[in-house]
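S.K.: Here it is: the structure, laid out below.
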Amino acid sequence: MGQPPVLIRPYEPPDLKPLVRLLREVRPDRLTTEVGFRYRLTALAGKDRRRLWVALVGDVLVGAASAQSVWWTRSTDTALVWAGVAASWRRLGIGSRLLDLAERHGCTIGATRLRCEVVLDDGRAFIGRRGYERGRSERVSALDPRTVDLSSLPRLERSAGEQGFRLASLAAAAGLEREPYDLDLAASRDIPADEEITFSLEDWRRDLWLDPEVDREASQVVLEGDRPVALAYLRVDREGRRAANEATGTACAVPPQRAGDARQARDDPLGGRARNRVDPHRQRRGEHRHAGDQPAARLRAPVRTRGMETAGRRSGNAFPASAGSTWAVTQTGVVTYRVE
């Protein structure tokens with residue numbers, strides 16, 4: 001028997017549930033929920049110029065692709081493209097057809113450089129054959145929160161309180177918005193990158209502040225008086241019992257000897273703590289998961305210590321290269337490639 005026909009078409013709302021299942025398989029470095037994915041499809045509509053396609057064999061969704069502008073940097077000539085195919089349907093040309101659509105849309109919106117993030121070994125080989133060159137790397141690390149020793153937290157909180165710091169959830173820190181934006185923007189601009197990161201208050205609100213996956217009880221802010229000096233945003237998938245570190249930043253103005261106490265904001269209210277030093281750099285999209293779940297959880301270290309590789313092709317850029325994390329239990333690599 002020959003290969004069954006594969007239909008590739010634009011994404012439609014009924015595709016949401018099977019698409020999320022696929023993304024959990026092919027992008028294990030990311031936390032993906034139906035509510036969060038649905039929100040992000042429209043949150044920056046018109047700004048990100050995103051398009052999304054799915055590949056179907058009969059009624060089974062076996063692949064997907066996307067393309068959007070890289071709106072969070074000063075550059076206007078870069079597009080982020082991606083394609084993924086379920087393991088049992090690879091090496092049949094589906095990924096090539098999907099990525100062709102994504103690359104074409106990237107060029108249509110004016111990109112002269114394409115960036116593609118790759119997680120799995122199959123993806124690295126695939127993207128290399130298409131002329132992409134390896135760019136930066138991030139390390140994606142896993143942590144079982146049940147194994148973390150939290151006995152020092154009461155002492156740490158007392159010490160921070162004596163120095164004028166207090167810890168609060170985003171939900172409890174009512175009325176804050178502009179201050180977290182200013183802190184987030186400053187921390188983001190301190191990330192080593194090929195292009196300067198920048199975003200408006202309104203884009204930040206829609207991209208992060210209003211995202212339903214960002215749990216306002218689990219996300220934490222350290223206050224010095226009423227001024228935020230450190231933030232940790234946590235995405236939470238309560239149904240899947242997973243949590244993802246979306247971003248962590250500490251104000252550069254905090255004296256080094258006191259910034260150590262501000263690391264409370266990196267405590268995970270669900271039971272785990274990233275035991276890395278506090279710096280002004282920002283952690284992005286990490287994940288940890290209950291050890292009883294499969295696959296094992298992934299918790300990304302700060303951007304400077306992530307293990308994702310990026311690749312690009314002209315017509316990407318990548319996330320910053322990094323050293324390893326001292327507290328990682330397991331690791332997975334994500335590579336960004338670029339085409340010039």
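S.K.: Rank-order 238-246, 163-171, 115-123 by packing density, defined as the average count of other C-beta atoms within 10 Å over each peptide's residues, highest first.
M.R.: So the order, starting with the most tightly packed, is 115-123, 238-246, 163-171.
S.K.: Going by a ≥ b ≥ c, the root eigenvalues of the Cα gyration tensor, does segment 1-87 fall in the rounded group (a/c under 1.5), the prolate group (a/b larger than b/c) or the oblate group?
M.R.: prolate
S.K.: Show me the ranking of peptides 222-230, 175-183 by mean Cβ neighbours inside 10 Å, starting with the highest.
M.R.: 222-230, 175-183
S.K.: Going by a ≥ b ≥ c, the root eigenvalues of the Cα gyration tensor, does segment 152-232 fall in the rounded group (a/c under 1.5), the prolate group (a/b larger than b/c) or the oblate group?
M.R.: Verdict is prolate for segment 152-232.
S.K.: Sticking with this structure for a sec: Subtract the Cα-Cα distance of Asp182 and Arg155 from 0.36 nm times their separation in residues, and report this length gain in nm to one decimal.
M.R.: Contour length minus the Cα-Cα distance gives 6.7 nm.
S.K.: Another question, then. Quick one: which residues, 5 or more positions from Arg139 or on another chain, have an amide H under 5 Å from its amide H? H modelled 1.01 Å from N in the peptide plane, none for Pro or chain starts.
M.R.: Counting only residues 5 or more places away or on other chains, the set is Arg306, Gly307, Met308.
S.K.: So what J values fall out for segment 61-73 if you push phi through Karplus, 6.51 cos²θ - 1.76 cosθ + 1.60 with θ = phi - 60°, rounded to Hz, Gly and Pro as x?
M.R.: 7, 10, x, 7, 8, 8, 8, 7, 6, 8, 7, 8, 10
Laboratory data are not the source of any read-out in this text; all were calculated from the coordinates shown. Since the structure is predicted, the reported quantities are computational estimates derived from the model, not experimental observations. In this analysis, Cβ positions are derived from the backbone assuming ideal geometry, glycine residues included, and neighbour counts consider all displayed protein chains.
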